[in-house]
Each structure stands twice: as structure tokens, then as C-alpha cells.
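To keep things clear, I will list the structure first and then write my remarks on it.
The values are calculated or read from the model by the stated rules, or taken from the named source; none is laboratory data. Since we're looking at a predicted model, the values are computed, not measured. Cβ sites come from the backbone with ideal geometry, for glycine too, and all protein chains shown count toward neighbours. Remember, those area values only see protein heavy atoms, side chains included, never the ligands or the DNA or RNA. Shrake-Rupley method; radii C 1.70, N 1.55, O 1.52, S 1.80 Å.
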Amino acid sequence: MSKYKEIKKITVSHLKKMKQDGEKIACLTAYDYTSAKLVDSIGVDLVLVGDSLGMVINGYENTLRVSLDEIIYHTKAVKRGLKRAFLVADMPFGTYHVSDEETLKNCVRVIKEAGAEAVKLEGGKEIAPLIKKITQAGINVVGHIGLMPQFVHAMGGYKIQGRDGGEKLLEDAKALEEAGVFSIVLEGVVVDVAKKITESVNVPTIGIGSGKYCDGQILVFHDVFGMFDDFVPKFVKRYADVKRVIVEGGTKYVNDVKNFEFPDDEHSFF
């Protein structure tokens, strides 16, 4: 039983203390009010409005087309559905690559307009100076290293990271910690390197496809519940087959309508 389960509102301090106490941090994505209420009710500690919405919600081929306005729209909806979980929003591609001033302006919008409690940026030590400016402005930041979907073209595809020993990844993690991030997402990092990074930094690491030694885990809502099957990464474990339930129920609905069985008297007004 988690000693944090009864906490009414998870904060940065709680997440850092979880690492110190050795309690794993459970995270999921959410993109709307209804899914946010569901994940909040099951005890998820951190909810991410990820730019993965580009694929699972909007049908884009990758995350690069997601706009700041889309992130703000979905984060507003998720915010209304959360009571306990800590809320993080992705900064989309292009929103923190122009100038420091523009980056800070965009981050402030996500906090003020959308209600996020933190922003997440992809990149290592090369963006550490920028992250330092954001954190000094009073904005919580989650770092993201390893496989970075926003850099899919530059990286030559979705390739597992750290097989070269992971020295650069370790340097990146330490630089991000020094810049003031309160947590670091490790995506697609080989297990031994993810373990080394987790043991080398004082902030929680959140793994996605990076093994069991990370301080927490995050997966995409639609992957976990079997709702998205355009592709299924190796690291995804499906905990329910919601798509099958919807297809079966939906097929029965169509058949009932076609066969004059719905609506019946029970579902009509007289």
C-alpha cells in the first residue's frame, strides 16, 4: 500500500520524496477530461499531456506537427479532471528552439492559460542553460533524454539509446539536474545505463522503455488500455483491451438500430 495514496494533492516535493523513500512513481498520459478523471481515480501520481496526442488523438504520423495551442487546449481539459495527480505538459517541437524570450513566453502560457504545474522539454546539456532560465523564472521543468521523438529525423528514427555506454546520457542528466529540473524522463534507454543515471542524480527518473530501475514509469493511456494499435512499442504492456469492448458494444448498437431493436420502450418517452 502506497503511503502517498491518501495525499490530496501531489507536489514536486512529494515526487522528490518518493525517490528518497524508494517508492515508485506511477505516471500516465491523458488528453481529455474523462480520461484525466479515470487516471486520477486509480492513484496515478503524475499525468502528462504529451505531444503523443498528435498520433493517438489527431492521427499525425509523429509528434512534430503538434502546436502549442493544441497542448494548451488538451491541458485545460485534463486540468479540470484532476484532483490529486501532478500535471505536466509537453512543450511541442519549435516552441523552445527560437529564442530564450520566446521559450519563456510559451512556457508561461502553458502554466497560466492551461493550468499545468510543470513543462517538459526534450534535450540534454545543450539546452541546460535555457532550462536554468525557465526554472529561475519559477516554472517547474521535467527534462527528457534518450530517445527523443521530437528529434526523430535528426536521430535517424526511433532508435534505442545508450548502447555505446551512455556517457553522454549521464552527462546530459547531470547537466539537467544542475539546471534545476525536478525530474528526468528516460526514453528508450538500455537498462544498465538507465540504472546508472538513476543512481547518479538526486531527482526522480521516469522511465518509458528504459527498464525497472528508474524511479517511476510512464506509458501512453491509449497504449496501456489497448485503444491504439497503429504500432505497439516493445516496452508497452497492455492492461486492458478497451478497443475490443468498444467494438463489441458498438457492433451490437449498430445491429440494434438496423433491426429496429433500439430504441425500445424502456429508452423512450411517452
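Does any residue of the stretch 58-65 turn out to be under 16 Å from the mean Cα position of the chain (by Cα), of a type in the set (Gly, Ala, Ser) and at pLDDT 95 or above?
No, there is no match, as no residue in the stretch 58-65 is under 16 Å from the mean Cα position of the chain (by Cα), of a type in the set (Gly, Ala, Ser) and at pLDDT 95 or above.
For a quick check of your reading of the model, give me the residue pairs whose first member lies in the stretch 98-125 and is closer than 16 Å to Arg80 by Cα, whose second is in a helix (DSSP H, G or I) and polar (S, T, N, Q), with beta-carbon atoms closer than 8 Å and at least 6 apart or on different chains.
Qualifying pairs under 8 Å: Val110/Thr75; Ala114/Thr75; Gly115/Thr75; Ala116/Thr75.
Test Val108 against the criterion of being modelled with pLDDT of 95 or more, surrounded by 15 or more Cβ atoms within 10 Å (Cβ to Cβ) and out of contact with any helix residue (DSSP H, G or I) (no Cβ under 9 Å at 6 or more places or on another chain), and give yes or no. Steps first, answer last, please.
Numbers: modelled with pLDDT of 95 or more: yes; surrounded by 15 or more Cβ atoms within 10 Å (Cβ to Cβ): yes; out of contact with any helix residue (DSSP H, G or I) (no Cβ under 9 Å at 6 or more places or on another chain): yes.
Criteria met by Val108.
Residue by residue through the stretch 1-57, note down the ones that are at pLDDT 95 or above and among the acidic types (Asp, Glu).
Asp21, Glu23, Asp32, Asp40, Asp45, Asp51
Output yes when any residue across the stretch 179-187 is in contact (Cβ under 8 Å) with a residue 12 or more places away in the chain and over 22 Å from Leu46 (Cβ atoms), and no when none is. Spell out the reasoning first.
Restricting attention to the stretch 179-187, the residues satisfying the condition of being in contact (Cβ under 8 Å) with a residue 12 or more places away in the chain are 179-187.
Within this subset, residues satisfying the condition of being over 22 Å from Leu46 (Cβ atoms) are none.
No; the residues of the stretch 179-187 include none that is in contact (Cβ under 8 Å) with a residue 12 or more places away in the chain and over 22 Å from Leu46 (Cβ atoms).
Can you give me the number of residues within the stretch 71-93 that are in contact with a helix residue (DSSP H, G or I) (Cβ under 7 Å, 6 or more places away or on another chain) and charged (D, E, K, R)? Show your work before the answer.
Initial filter on the stretch 71-93 (in contact with a helix residue (DSSP H, G or I) (Cβ under 7 Å, 6 or more places away or on another chain)): 71-72, 74-75, 77-78, 80-87, 89-93.
Checking which are charged (D, E, K, R) leaves us with 80, 83-84, 90.
Final tally of qualifying residues: 4.
Those residues that are under 30 Å from Met18 (Cβ atoms) and among the polar types (S, T, N, Q), I need them from the stretch 208-262; list them, please. I'd like the intermediate steps shown before the answer.
Within the stretch 208-262, the first condition is being under 30 Å from Met18 (Cβ atoms), and the residues that meet it are 208-228, 232-240, 242.
The answer is Ser210, Gln217.
Anything in the stretch 113-150 that is under 18 Å from Ser99 (Cα atoms) and either open to solvent by 30 Å² or more (accessible area, probe 1.4 Å) or more than 19 Å from the chain's Cα centre (by Cα) (or both)? List them, or say none. Walk me through it before giving the result.
The first filter runs over the stretch 113-150 and keeps only residues under 18 Å from Ser99 (Cα atoms), leaving 119-137, 139, 141, 150.
Those that are under 18 Å from Ser99 (Cα atoms) and either open to solvent by 30 Å² or more (accessible area, probe 1.4 Å) or more than 19 Å from the chain's Cα centre (by Cα) (or both): Lys125, Glu126, Ile127, Ala128, Pro129, Leu130, Lys132, Lys133, Ile134, Thr135, Gln136, Ala137.
What is the number of the single condition among (1) touching a Lys or Arg at 6+ places or on another chain (Cβ under 9 Å); (2) more than 29 Å from Met227 (Cα to Cα); (3) not small (Gly, Ala, Ser) that Lys3 does not meet?
(1)
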